[in-house]
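K.L.:
First the structure, then my questions, so here it is.
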Amino acid sequence: MSKRDGVDNGGRKRRPARRPRPTSGGEPGSGARGSAAPGAPGPAEAGRTPSAGQGGSGRTRAKGQSGSGRRTEPGRPRPADAAPPGTSGASPGGGRKPAGDRPGTVSGDAAGKRPGRMPTGAPRFARPLNAGSVLGWTALSAIVPGAAHLRAGHRRTGLGLLGAYAVLLVAALAFVLVRGLEGLTTFLGDGMMVTAVVLLSVGALCWFALLVTSYVALNPSGLDQQGQIVSGVLVGVLCVAVMSPFALGANTVLAARDTFHTLFPSIPTEPGVEPIKEEDPWSGRTRVNFLLLGGDAASNRTGMRTDSMNVASVDIRTGNTVLFSLPRNLQHVHFPPSSPLRKQFPNGFMAELGQGGLLNEVWQYANDHPQIMGKKNQGPRALMDAIGHTLNLKIDYYALMNMYGFADLVDAIGGLRIRVERDVPWGGLYGTAGTIKAGTRVLSGEEALWYGRSRVGSDDFSRMGRQRCVIGAFAKQATPDKILLNFTKIASATKRLAQTNIPRELVEPLAALALKVKGAKITSMQFVPPEFWPGSPDWLKIRRAAAKAIADSTRAPSQAVAAAASPTGSAAPSGVASPSASAARPTQTPKQTPTRNSQRSARSLEELCGF
């Protein structure tokens, strides 16, 4: 037969020629690949491969043809653009179609920009992320570090961040439980303040980096353009908001450090102030006495008078405190032998002046006469000597607050809650500025100031009673949280309007003692008529009353009742000179007691002021 009959020379029937296949692949479902150029030789016979000299690009099915219809050549790797089994990708222009051009598939570029695409490594059944969920998981990471990384499938990083955060929380909780609020006083040292500022700065940077890495881990590039812009802006705002508490904390610490450097001297400058020992800041004492003064200095006044004078005698072991209020018009106080004013006034302060010699004039007199005192600005020392000698106590430290600055402090803590016994008019001679109504009131700074200062319809002794209620209310209601939240305002008012001789090294133990006082018993005693007459004081009676009030404050309530019934009483506690010893060598012959010499005990501020 001829070739036209479809039979070759060997007598075998020849297969018809196959349709040439395009170079980029056949139609869907075909397994052949390649194409034949026009005029190329026909296909090779079954079981044979074209020789090296044969032209044409078509390849016949080899003996080891795969089940998918794909023809392969022995020892030759599949081309990189070959379609996987069961797919086809021929394009009219030659070469394989991109995956995104085939029906039912998405190209790599399109999949990367597709909204809602889950990040690589995300949990298998997690829902796709949108802009809101990206922002929510990032915000959650500010509270629970590692949450966003876990959502994104970065388990090792997320668990590491979460574990480190848990360790910090447990350590902080253990510190508070073991040390309590007293542990916070350790940060009042100068070195600890610098350390705190550094730690707060590092913490702000760490939390900023945490939010940024959490946002990046959630793969915001999978969002559309609008989602990327909105989420990026909101995450930036969130970063600023998270860093703000750290910045506020650092600013508060810096303000405290500046206040301490301005207000507290670095070394003791007064001759009676002992150096501070770190192991024993109170030098073995069990009681410390503070002179708390309120001055009336103002731009329209000459000099300063200490119109409010109170001594706080504090038991270091328990925090129990006795407040002694001395009247501003206590006359002819005496000075101890160590005072330069003792030689100037051997019979009492300005005793030769009939209506002179008030206690509130001692400070200004000493400042006005440095030639007598030996140096300038010795008003605090002169007043501490006079009051300490009057009460038979050693006054360790003083603190002066201008009356108008006290109003700023009251406003900073949100006012004072005080029980007002009766209406108190204030302003001028007739109370034309306003009236503080009777009842339990929350007084503003201005109202609290005038509640303690007004003389309209009352005398100095009534005013003293109101002043001790104001001081006691401030001591009880100035809680640590209020102080911390308003510390900048408090520090500003204190720097401008306060002065003290408390050494800077004593600030930390003093803060711990103040916390004890807040939870301890505070009693008060004032030396006013009818028990004590300021114009003709009985110095021995004043000393005995002070010693008894301190002794009563150190006893339990049952012991105090038994001691009151006892005719002998008990010895004075540590830090209080014996009144009998002082009476043996009186600085002035005691006068006839103008009132009954009843040893009335101090009363609690809760009872007196209705706290």
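The values are calculated or read from the model by the stated rules, or taken from the named source; none is laboratory data. Quantities reported herein were computed from a predicted structural model and do not represent experimental measurements. Methodologically, a virtual Cβ is constructed for each residue, glycine included, from the backbone with ideal geometry; neighbour enumeration extends over all protein chains shown. Surface areas here come from the heavy atoms of the whole protein model, side chains and all, with no ligands, DNA or RNA. Shrake-Rupley method; radii C 1.70, N 1.55, O 1.52, S 1.80 Å.
K.L.:
For the range 303-413, please list each of the helices (runs of 4 or more DSSP H) lying entirely inside it that holds at least 1 residues being more than 30 Å from residue 282 (Cα to Cα), among the hydroxyl-bearing types (Ser, Thr, Tyr) and open to solvent by 20 Å² or more (accessible area, probe 1.4 Å). Outline the logic, then answer.
P.N.:
Numbers: elements: 341-344, 362-368, 370-373, 379-391, 403-412.
Once the helices (runs of 4 or more DSSP H) in the range 303-413 are filtered for at least 1 residues that are more than 30 Å from residue 282 (Cα to Cα), among the hydroxyl-bearing types (Ser, Thr, Tyr) and open to solvent by 20 Å² or more (accessible area, probe 1.4 Å), what remains is 362-368, 403-412.
K.L.:
Scan the range 485-516 for residues that are among the aliphatic types (A, V, I, L, M), within 23 Å of residue 384 (Cα to Cα) and touching a helix residue (DSSP H, G or I) at 6+ places or on another chain (Cβ under 7 Å) and jot them down.
P.N.:
Answer for the range 485-516, where residues must be among the aliphatic types (A, V, I, L, M), within 23 Å of residue 384 (Cα to Cα) and touching a helix residue (DSSP H, G or I) at 6+ places or on another chain (Cβ under 7 Å): 497, 498, 502, 507, 511.
K.L.:
Between residues in the range 342-368 that are farther than 17 Å from residue 499 by Cβ and residues that are at pLDDT below 90 and exposed (fewer than 15 other Cβ atoms within 10 Å of the Cβ), which pairs lie under 6 Å by C-beta distance while being six or more apart or on different chains?
P.N.:
From residues that are farther than 17 Å from residue 499 by Cβ, the pairs are 350/356.
K.L.:
Which number in (1) closer than 21 Å to residue 296 by Cα; (2) without any contact (Cβ under 8 Å) to a residue 60 or more places away in the chain marks the one condition that residue 387 misses?
P.N.:
(2)
K.L.:
Considering only residues that are more than 20 Å from residue 504 (Cα to Cα) and modelled with pLDDT of 90 or more, which ones fall in the range 385-406?
P.N.:
Residues satisfying the conditions are 385, 386, 387, 388, 389, 390, 391, 392, 393, 394.
A quick yes/no check of all residues on (1) assigned to a helix (DSSP H, G or I); (2) free of Cβ contacts under 8 Å to residues at least 24 places away in the same chain; (3) loosely packed, with under 14 Cβ neighbours inside 10 Å; (4) out of contact with any Ser or Thr (no Cβ under 8 Å at 6 or more places or on another chain):
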position	(1), (2), (3), (4)
201	yes, no, no, yes
209	yes, yes, yes, yes
232	yes, yes, no, yes
235	yes, no, no, no
247	yes, no, yes, yes
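K.L.:
Additional query: Answer yes if at least one residue in the range 164-181 is among the basic types (Lys, Arg) and surrounded by 13 or more Cβ atoms within 10 Å (Cβ to Cβ), and no otherwise.
P.N.:
For the range 164-181, residues among the basic types (Lys, Arg) and surrounded by 13 or more Cβ atoms within 10 Å (Cβ to Cβ): absent.
K.L.:
Okay, moving on. Restricting attention to the range 213-230, which residues are over 10 Å from residue 131 (Cα atoms) and part of a helix (DSSP H, G or I)?
P.N.:
Listed by number, the residues that qualify are 213, 214, 215, 216, 217, 221, 225.
K.L.:
Mind listing just one residue for me: the one in the range 414-441 that is open to solvent by 20 Å² or more (accessible area, probe 1.4 Å) and of a type in the set (A, V, I, L, M, F, W, C) and, of those, modelled with the lowest pLDDT?
P.N.:
In this case the residue turns out to be 429.
K.L.:
It is to be established whether one or more residues within the range 276-288 are open to solvent by less than 30 Å² (accessible area, probe 1.4 Å), at pLDDT 90 or above and in a helix (DSSP H, G or I).
P.N.:
Applying the first criterion (open to solvent by less than 30 Å² (accessible area, probe 1.4 Å)) to the range 276-288 yields 281-282, 287-288.
In the following step, the residues that additionally are at pLDDT 90 or above were identified as 287-288.
From what is left, the residues that are in a helix (DSSP H, G or I) are none.
So far as the range 276-288 goes, no, none of its residues is open to solvent by less than 30 Å² (accessible area, probe 1.4 Å), at pLDDT 90 or above and in a helix (DSSP H, G or I).
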